[in-house]
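The values are calculated or read from the model by the stated rules, or taken from the named source; none is laboratory data. Please read these numbers as outputs of a predicted model, since none were measured by experiment. Cβ placement follows ideal geometry from the backbone for every residue including glycine, while neighbour counts extend to all protein chains displayed.
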Amino acid sequence: MLSIKNWDNKTWISSAKYIQSFNNFLLKQKKLTKHSKILDIGCGRGKIMGSLSSKLKLINKPVGLDIENHKDFDKRIVFKKTNAIKYLKNNKKKFDLILIKQTIHLFNLKDIKKILAHSYSSLNIGGIILILTLDTKDNEIPTFSLMKQKLTQSFKRDNLIWKKLLQLNIKKTIIKFNFKVNIKKNIYLKMIRQRYISTLLKFSSLQILNGINEINLKYKKNILFNDKLKCIIFTKV
Ligand SMILES: C[S@@+](CC[C@H](N)C(=O)[O-])C[C@H]1O[C@@H](n2cnc3c(N)ncnc32)[C@H](O)[C@@H]1O
């Protein structure tokens with residue numbers, strides 16, 4: 001499998017503003033205390049949970065799972081380089097919050113079922129699973145034409161996953177998380193070059209180069225857009 005190394009590598013997703021805004025959103029969904037236990041599936045560098053850990057003065061460090069061996073992971077979390085399913089299968093711990101942010105689309109439907117079943121049984125009563133994924137409706141992620149085409153294709157699959165999630169017989173709430181991004185074009189071009197999003201992983205060097213040229217012409221010095229996520233919250237009753 002192609003790996004996502006640069007998603008949160010000095011991008012708006014790893015900015016203090018984004019993390020603060022996301023964690024405020026999280027805390028509105030679930031009352032957490034310093035005793036709360038948190039698992040982050042596909043945590044990347046774990047900065048979001050690291051920051052939340054400091055904010056709440058968590059007694060137990062959040063556990064973050066990722067298949068990518070991020071050497072620069074946030075040291076305020078317990079980082080486990082592992083496949084999420086492998087970890088969940090053997091897990092005996094109970095959590096109050098399980099976060100699956102912009103990661104669910106990387107699994108096939110069979111594995112998504114497994115992840116949800118294992119996650120649900122790893123929750124304390126009242127605990128929640130929070131799944132966030134790109135909002136496929138009026139998505140504003142800056143793209144070049146081929147990227148747009150592939151993103152639209154992947155949205156079809158995302159919508160299918162979403163439909164399956166909605167069908168699950170678990171108490172659920174649907175909400176949105178929006179973040180206003182203001183990014184310098186040259187930084188965004190670097191993100192494209194580093195293939196920050198899974199859509200770009202399979203592109204050839206030439207396709208990336210052409211895409212960079214296209215974005216360079218299409219956008220002004222500063223790129224402004226809304227990073228729109230949709231969120232489903234499953235609660236254990
Ligand atoms: C798009 S990133 C999202 C990172 C983070 N959740 C965030 O929103 O900032 C998806 C992450 O999932 C990880 N991932 C992909 N497949 C995985 C698996 N089977 N088990 C654990 N992590 C996985 C990737 O390595 C990547 O870091």
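The table below lists the values:
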{"quantity": "Candidates S14, S54, S3, filtered to the one that is surrounded by fewer than 16 Cβ atoms within 10 Å (Cβ to Cβ), within 15 Å of the ligand (Cβ to nearest atom) and touching a residue at least 12 places away in the same chain (Cβ under 8 Å)", "calculated": "S3"}
{"quantity": "Subset of the range 131-189 [touching a helix residue (DSSP H, G or I) at 6+ places or on another chain (Cβ under 9 Å) and hydroxyl-bearing (S, T, Y)]", "calculated": "T133, T136, T143, S145, S154, T173, Y188"}
{"quantity": "Strands (runs of 3 or more DSSP E) contained entirely in the range 1-104, each with at least 1 residues that are touching a strand residue (DSSP E or B) at 6+ places or on another chain (Cβ under 7 Å), under 21 Å from I175 (Cα atoms) and modelled with pLDDT of 95 or more", "calculated": "38-41, 95-101"}
{"quantity": "Residues being more than 18 Å from M49 (Cβ to Cβ) and within 9 Å of the ligand (Cβ to nearest atom) - total across the range 99-118", "calculated": "4"}
{"quantity": "So H118, is it in contact with a strand residue (DSSP E or B) (Cβ under 7 Å, 6 or more places away or on another chain) and not β-branched (V, I, T)", "calculated": "no"}
{"quantity": "Residues within the range 98-123 that are more than 22 Å from F179 (Cβ to Cβ) and surrounded by 14 or more Cβ atoms within 10 Å (Cβ to Cβ), tallied", "calculated": "11"}
{"quantity": "Residue in the range 126-133 that is of a type in the set (A, V, I, L, M, F, W, C), part of a loop (DSSP other than H, G, I, E, B) and out of contact with any Gly (no Cβ under 9 Å at 6 or more places or on another chain) present", "calculated": "no"}
{"quantity": "Tabulated pairs, the range 24-44, first on the phi > 0 side of the Ramachandran plot and within 16 Å of the ligand (Cβ to nearest atom), second assigned to a helix (DSSP H, G or I) and modelled with pLDDT of 95 or more, C-beta under 6 angstrom, 6+ apart or interchain", "calculated": "none"}
{"quantity": "Any hit, the range 80-95, residues being crowded, with 21+ Cβ neighbours inside 10 Å, within 14 Å of the ligand (Cβ to nearest atom) and within 13 Å of the chain's Cα centre (by Cα)", "calculated": "no"}
{"quantity": "Subset of the range 197-208 [under 24 Å from the mean Cα position of the chain (by Cα) and assigned to a helix (DSSP H, G or I)]", "calculated": "S198, T199, L200, I208"}
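Listed here are the residues, each with its yes/no results for (1) within 16 Å of the ligand (Cβ to nearest atom); (2) part of a strand (DSSP E or B); (3) more than 20 Å from the chain's Cα centre (by Cα); (4) in contact (Cβ under 8 Å) with a residue 60 or more places away in the chain.
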site: K156; (1), (2), (3), (4): no, no, no, no
site: N159; (1), (2), (3), (4): no, no, no, no
site: I174; (1), (2), (3), (4): no, yes, no, no
site: N178; (1), (2), (3), (4): yes, yes, no, no
site: N182; (1), (2), (3), (4): no, yes, no, no
site: R195; (1), (2), (3), (4): yes, no, no, yes
site: N210; (1), (2), (3), (4): no, no, yes, yes
site: D227; (1), (2), (3), (4): yes, yes, no, yes
